[in-house]
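Structure, as structure tokens:
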Amino acid sequence: MSLRDKTLFITGASRGIGKEIALKAAADGANVVIAAKTAEPHPKLPGTVFSSAADVEEAGGKALPLVVDIRDEARVESAVAEAVERFGGIDILVNNASAIFLQGTLQTPAKRFDLMHQVNVRGTYICSRACLPHLLKAENPHILNISPPLSLKPKWFKNHVAYTMAKYGMSMCVLGMAAEFDGRVGVNALWPRTAIATAAVSMLGGKAMMAMSRTPAIMADAAYAILTQPKTETGNFYIDDDVLAANGMTDFDHYAVDPTKQLAPDFFLD
């Protein structure tokens, strides 16, 4: 299967994993809605919705850059309407936008708690809700959340309970919506085995952590495999290299930023 002429609405696609998924789809000739906050270049973060859109066009796709803060329900709804007007519908939603703050309870102020829940949980929910009427009209619709498998082991909560709650909220959307729309929309989650070389990882761990990471390409390749499946494949919590292994890949060295370094594991996986 191919994503040619499919329309993807990707949040947080101005950089990192979201942008890499956009470029992978663009190589097939897909239509990509770049929905992200960054309109002007940031001093510390690469990319804007407009530079990402230009890269999508160069890669062979059609792009619609939209400045969207997914905390704003009205803006999400208007962006979805713009996407449908431009491309005629929506086939795929990728809920990639996320906020992170890795601190304990006493170190996490309410504004940080609110930000993570407004972006990760509420943003995922309202983007899904806004896209679903159009997804339900598509031939092979999918929602893919960049979120981890659910686990109630205390070790995943004790050091950053607020962040864990927010990311698991995205995964609970997968659990519920997959059952609610079973047979009509494929709803799945994707999470990396290792740290991924993104701006967030750079800010958290610097050059040392980046060197122990895989490139965002592994997440894009895994996402592509998921999004080209039949919509009946739903309710799964996929791990990037497991997806690729199931599709015949045995060597993952080319994804390593520095193949001489031991890879750093990501959160939420035993």
Could we say that H134 is more than 26 Å from H254 (Cβ to Cβ), within 20 Å of the chain's Cα centre (by Cα) and surrounded by 15 or more Cβ atoms within 10 Å (Cβ to Cβ) here? yes
Expected output for segment 80-107 (first residue over 13 Å from T7 (Cβ atoms), partner in a loop (DSSP other than H, G, I, E, B) and small (G, A, S), Cβ below 7 Å, 6+ apart or cross-chain) is N96/G12; N96/A13; A97/G12; S98/G12
Please verify whether S78 is at pLDDT 95 or above, under 20 Å from the mean Cα position of the chain (by Cα) and small (G, A, S), treating the condition exactly as stated. no
Can you name the condition, by its number, that P133 falls short on among (1) part of a helix (DSSP H, G or I); (2) within 25 Å of E20 (Cα to Cα)? (2)
Among the residues of segment 246-266, which ones are closer than 14 Å to M219 by Cβ and in contact with an Asp or Glu (Cβ under 7 Å, 6 or more places away or on another chain)? F252
So how many residues does segment 192-227 have that are in a helix (DSSP H, G or I) and more than 25 Å from H142 (Cα to Cα)? 13
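Yes or no, residue by residue, for (1) surrounded by fewer than 24 Cβ atoms within 10 Å (Cβ to Cβ); (2) under 18 Å from I226 (Cα atoms):
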{"residue": "T11", "(1), (2)": "no, yes"}
{"residue": "I21", "(1), (2)": "no, yes"}
{"residue": "A35", "(1), (2)": "no, no"}
{"residue": "H42", "(1), (2)": "yes, no"}
{"residue": "E57", "(1), (2)": "yes, no"}
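Can you find a residue that is farther than 22 Å from I17 by Cα and modelled with pLDDT of 95 or more anywhere in segment 119-129?
For segment 119-129, residues farther than 22 Å from I17 by Cα and modelled with pLDDT of 95 or more: present.
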I need a count of the residues in segment 82-102 that are crowded, with 24+ Cβ neighbours inside 10 Å, of a type in the set (A, V, I, L, M) and in a loop (DSSP other than H, G, I, E, B). 2
Confirm whether D28 is in a loop (DSSP other than H, G, I, E, B), of a type in the set (D, E, K, R) and within 20 Å of H134 (Cα to Cα). no
Here is a check on your reading of the model: is M165 surrounded by fewer than 23 Cβ atoms within 10 Å (Cβ to Cβ), farther than 23 Å from R15 by Cα and out of contact with any Leu (no Cβ under 9 Å at 6 or more places or on another chain)? yes
Taking only segment 228-270 into account, find how many residues are of a type outside the set (D, E) and either assigned to a helix (DSSP H, G or I) or on the phi > 0 side of the Ramachandran plot (or both). 9
Filtering segment 127-166 down to residues that are among the β-branched types (V, I, T) and within 24 Å of A25 (Cα to Cα) yields I143, I146
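Residues of segment 29-69 being of a type in the set (K, R) and over 18 Å from A97 (Cα atoms), which ones?
Within segment 29-69, just K62 meets the criteria.
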For V174, all conditions in the list (1) assigned to a helix (DSSP H, G or I); (2) in contact with a helix residue (DSSP H, G or I) (Cβ under 8 Å, 6 or more places away or on another chain); (3) surrounded by 17 or more Cβ atoms within 10 Å (Cβ to Cβ); (4) at pLDDT 95 or above hold save one; what is the number of the exception? (2)
Only one of R184, R214 is farther than 20 Å from L269 by Cα and among the basic types (K, R). Can you tell me which? R184
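Can A63 be described as touching a helix residue (DSSP H, G or I) at 6+ places or on another chain (Cβ under 8 Å), farther than 30 Å from T164 by Cβ, surrounded by 15 or more Cβ atoms within 10 Å (Cβ to Cβ) and of a type in the set (G, A, S)?
Yes.
The values are calculated or read from the model by the stated rules, or taken from the named source; none is laboratory data. None of the values given here were measured: they were computed from a predicted structure. Quick reminder, even Gly has a Cβ in these numbers, built from the backbone with ideal geometry, and neighbours come from all protein chains shown.
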